[in-house]
Amino acid sequence: MEVTQVLLNAQSIDGAVRKNAEDSLKQFQEQNLPVFLVSLSGELANEEKPVETRKLAGLVLKNALDAKEQHRKFELAQRWLSLDGNAKSQIKACLLTTLTSPVSDARSTASQVIAKVAGIELPHKQWPELIAVVQGMSSSEGNTDVRLAATRALYNALGFAQANFSNDMERDYIMRVVCEATLSPEVRIRQAAFECLVSISSTYYEKLAPYIQDIFNITAKAVREDEEPVALQAIEFWSSICDEEIDILEEYGGDFTGDSDIPCFYFIKQALPALVPMLLETLLKQEEDQDQDEGAWNIAMAGGTCLGLVARTVGDDIVPLVVPFIEENISKPDWRQREAATYAFGSILEGPSPEKLIPLVNVALTFMLSALTKDPNSHVKDTTAWTLGRIFELLHGSVVDSPIISQANCQQIITVLLQSMKDTPNVAEKACGALYFLAQGYEEMGPSSPLTPFFQEIVQSLLTVTHREDAGESRLRTAAYETLNEVVRCSTDETAPLVLQLVPVIMMELHNTLEGQKLSSDEREKQSELQGLLCGCLQVIIQKLGASEPTKYVFMQYADQIMGLFLRVFACRSATVHEEAMLAIGALAYATGEDFAKYMPEFYRYLEMGLQNFEEYQVCAVTVGVVGDISRALEEKIVPYCDGIMTQLLKNLSSNQLHRSVKPPIFSCFGDIALAVGEYFEKYLMWAMSALQSAAELSTHIAGDDELVEYTNSLRNGILEAYSGIFQGFKNSPKTQLLIPYAPHILQFLDGIYMEKDMDDVVMKTAIGVLGDLADTLGSHAGSMIQQSVSSKDFLNECLSSEDLMIKESAEWAKLAISRAISV
């Protein structure tokens, strides 16, 4: 069949022609896969074919090699590996020749397909010719486009080039060619070559020692002289090295007993005397309007970010290298120098010890408070407010021994920050941020807070900010509400009456957003965002006032009205449920307890709508959490709604449309419901246990990256929380014997995850708790099973000797429950 024509038809405007062509391709693929793939690669490599069929041929080829879903990805990789060797060689030869095609679309498509093939084959050491890609990068290659495509193809393949990087000659060759390419006359090649260096720095950190001096010289030249996109990558190289060394040093914990397999080469420490001056120079290359533009990223910002990472990597050693720069520039007439000095100071506050920083901060604080009100330049004020925020975030509060804020300067700090909230939006936003961390630092300070005398004034100023005409710029309104929330959250009992006075104020604001006339879609979006901020604020207030009986009692007079407002917020959205309103309702349910039942008839449909929202999976996850809150609040009063809720949750679990991150909270939610309704859960037991069982089998054995391990642990934790809730819910009921058939499988699951040796502390605590619940609920029925299980005893002993007090407590309780079950 004529592939070119079919590929053209597959892009036809005529639906019938298109459908026909797609069916032909599908049929061809099913009947003779090797020939199908070879003819696609031939199409892609053929310079006489139209560019659109070559592109589509490459795309179809790429999709035959890779997919989004994990299981499909694996199937396609296996299918490729089992393909006839001749066919594979032909396809790869076509791909490599296409890298030199004069047609840029064909080259870029080929390099994407090469990266996919490399991704499958290199882990199996099946593509030794990959080094051929690198030859296309060398300076002898006259065609710029080829050199660029080769450099990008190498970039895509670096993750799999372990074999090449373990061979000294091949590695030297690759490094030489990459370093040469950073000097190419073509800016895109220089940028792509530095991107390769950045990738090499994280993937092959331990192989860099012989090249690091040359790389320093190349990057320093690029940072000082090259165009911005290249210079940014050159700085990124050093940021990446910092990331690697921070990780290694954290894993070692400094005492070399840690579990990092890679030694730290201290590249940053050795480069410090040259690296820090180079980064300080970049700070003077600010752009005029970078503070107004949210997505701004330029040399100065990259340099400051890298300086911050260097400070975290080397700690105290950076301070003497930066202080002279600050002292020299902080009072200069040129704003660029004052701003750079302030930015340098703010960037090195995380990493060095408080002992080293606090004397500097004590000197700088007065100076900065004065600059924040008096400096004529908005950039300088912006960075000054940001730096104050960093000081309060990192060096103020219960973690630091010598306080930087005293009764004497507290008043001045607050006066200056509240004054700055009237400044331009970008400065005001940073001032809100500084106040946020100032409040947070006083959270653990006991019954009385230094902020108490200023509470009313602070709240008033923040509310005034939210009403500014320009509060939509620089995230200012959002920052003001976030700060208000933090000030409320960290407030003490002394100011509880003032927090109560805030309730009707915020309610009124929310009420006003609901009175709107017909809105344009743009206005509706703004309205929805504002409602989100106000619901978030009410959530924090509800949590604060609900936490102590006297304030909760007074607050309850508002509960009906607040719930009414939340329901109206839901009602003004047609299809989607409002996430922040949902969270606030969870807090309200927790505070009102079983009285929340009176809101359920009206609220239930929104709950169901949230559980059905697969598109916005965060909304779904939040709603699942709220079902848990409501179960805890209502206990058996949730029974009338259980059929609908459980049906929907089981549906969600079996759906492939729903994002995987929502599945662990659904399992935890089973536990909350079972705990609330007790033996009534019998109705759902079979379905719930079957879902738990299949998830448990999936989550026992995993091989994968850190992200997958983290997800699997959250899945295990959800499953265990479900088991725990179900066992506790059935305790002391005549129906406990219904659980006996499930016990062997649960014990097997516990054995499985214990043997894997990769559970985190959270899972460990929940798991040992489940062992205890099993013994506690089933008594003698469980005793013999636990005694026979493979690892229960070892697991229990390991938990009993844990450093983590929570794990230890759970284990002591489990030990007691097990010994009771065995002695019966």
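For region 148-208 and region 364-423, write down the distance between their C-alpha centroids in whole Å. Taking the Cα centre of each part, region 148-208 and region 364-423 sit 45 Å apart.
Quick one: Cα centre-to-centre distance for region 674-727 and region 267-294, in angstrom? Taking the Cα centre of region 267-294 as reference, the centre of region 674-727 is 49 Å away. First select every other residue whose beta carbon is under 15 angstrom from the beta carbon of GLN460; then total the charges, Lys and Arg +1, Asp and Glu -1. Residues close to GLN460 contribute a combined charge of 0.
Sequence gap at least 6, Cα distance under 8 Å: using those rules, report the relative contact order of region 687-823 to the nearest whole percent. Here the relative contact order equals 26 percent.
Loop-only GluC sites (Glu not before Pro) in region 565-651, please: DSSP not H, G, I, E or B, and at most 15 other Cβ atoms within 10 Å. Counting only loop positions with at most 15 other Cβ atoms within 10 Å, the GluC sites (Glu not before Pro) in region 565-651 are GLU615, GLU616. Region 687-823 has equivalent-ellipsoid semi-axes of 23, 18, 12 Å, by the square roots of 5 times the alpha carbon gyration tensor eigenvalues, sorted largest first. Computed from the Cβ-Cβ distance with R0 of 56 Å, the FRET efficiency linking GLN213 to VAL639 stands at 0.20.
Residue separation of ARG176 and GLU682 scaled by 0.36 nm, minus their Cα-Cα distance, works out to 175.3 nm of gained length. For region 585-701, the square roots of the Cα gyration tensor eigenvalues, ordered a ≥ b ≥ c, give a/c of at least 1.5 with a/b no greater than b/c, which places it in the oblate category. Computed log10 I(q)/I(0) for region 472-617 at 0.19, 0.21 Å⁻¹: -1.22, -1.41, from the Debye equation with unit scatterers placed on every C-alpha and solvent omitted.
What the phi angles of region 151-158 give under the Karplus curve with 6.51, -1.76 and 1.60, with θ = phi - 60°, is a coupling list of 5, 5, 5, 4, 3, 5, 9, 4 Hz, glycine and proline written as x. Site pair ASP23 and GLU803 shows an inter-label distance of 6.6 nm when each label is modelled 7 Å from Cα along Cα→Cβ.
From the square roots a ≥ b ≥ c of the eigenvalues of the alpha-carbon gyration tensor of the chain, which class results: rounded (a/c under 1.5), prolate (a/b over b/c), or oblate? Taking the square roots of the gyration eigenvalues as a ≥ b ≥ c, the chain is oblate. Projecting label points 7 angstrom from Cα along Cα→Cβ for GLN612 and SER353 puts them 6.2 nm apart. Run the accessible area of the chain with a 1.4 Å probe and give the carbon-and-sulfur part as a rounded percent. In the chain, the share of accessible area belonging to carbon and sulfur is 52 percent.
When the trypsin sites (Lys or Arg not before Pro) in region 331-427 are filtered for DSSP coil states and for at most 15 other beta-carbon atoms within 10 Å of their beta-carbon, the remaining sites are LYS422.
With R₀ set to 56 Å, the beta-carbon distance separating VAL35 from GLU287 gives a calculated FRET efficiency near 0.50.
Distance from the C-alpha centroid of region 507-560 to that of region 69-84: 51 Å, rounded to the whole angstrom. Working ranking of peptides 2-15, 187-200 by packing, defined as the average number of other Cβ atoms within 10 Å per residue, highest first, is 187-200, 2-15.
In straight-distance terms, cross-link reach from LYS73 covers every one of the aspartates and glutamates whose alpha-carbon lies under 14 Å from its own, apart from those fewer than eight places away in the same chain; here that gives GLU121. Using only side-chain charges placed at the Cβ, +1 for Lys and Arg and -1 for Asp and Glu, the dipole size of the chain relative to its Cα centre rounds to 1420 debye. Counted residue by residue at 0.36 nm each, then reduced by the alpha carbon distance between them, the extension gain from LYS518 to LEU708 reaches 63.8 nm. Model label points for VAL399 and ASP247, set 7 angstrom from Cα along the Cα-to-Cβ axis, are 2.2 nm apart. So what is the relative contact order of the chain, in percent, for Cα pairs below 8 Å that sit 6 or more residues apart? It comes to 4 percent, rounded to a whole number. When each of the peptides 728-734, 396-402 is scored by the mean number of other C-beta atoms lying within 10 Å of its residues, the order from highest to lowest reads 728-734, 396-402.
Rounded to the nearest 0.05, what FRET efficiency do ASP334 and GLU444 give with R0 = 56 Å and r taken as the Cβ-Cβ distance? Could you check?
0.85
Our helix-only sum for the chain, with -39,500 (n - 2.57) per DSSP H run of n ≥ 4 divided by its residues, gives a mean residue ellipticity at 222 nm of -23500 deg cm²/dmol.
Backbone geometry of region 787-799 corresponds, through the Karplus equation with coefficients 6.51, -1.76 and 1.60 at θ = phi - 60°, to 3J(HN,Hα) couplings of 4, 7, 5, 4, 10, 3, 5, 4, 4, 4, 5, 4, 6 Hz, x marking Gly and Pro. Computed 3J(HN,Hα) for region 165-170, one whole-Hz value per residue from the Karplus formula 6.51 cos²θ - 1.76 cosθ + 1.60 where θ = phi - 60°, is 7, 7, 8, 4, 5, 5, glycine and proline marked x.
The values are calculated or read from the model by the stated rules, or taken from the named source; none is laboratory data. Quantities reported herein were computed from a predicted structural model and do not represent experimental measurements. Neighbour counts are summed over all protein chains in view; Cβ atoms, including those assigned to glycine, are modelled from backbone coordinates with ideal geometry. Side chains are part of the model used for accessible areas, which takes the heavy atoms of the whole protein and leaves out ligands, DNA and RNA. Shrake-Rupley method; radii C 1.70, N 1.55, O 1.52, S 1.80 Å.
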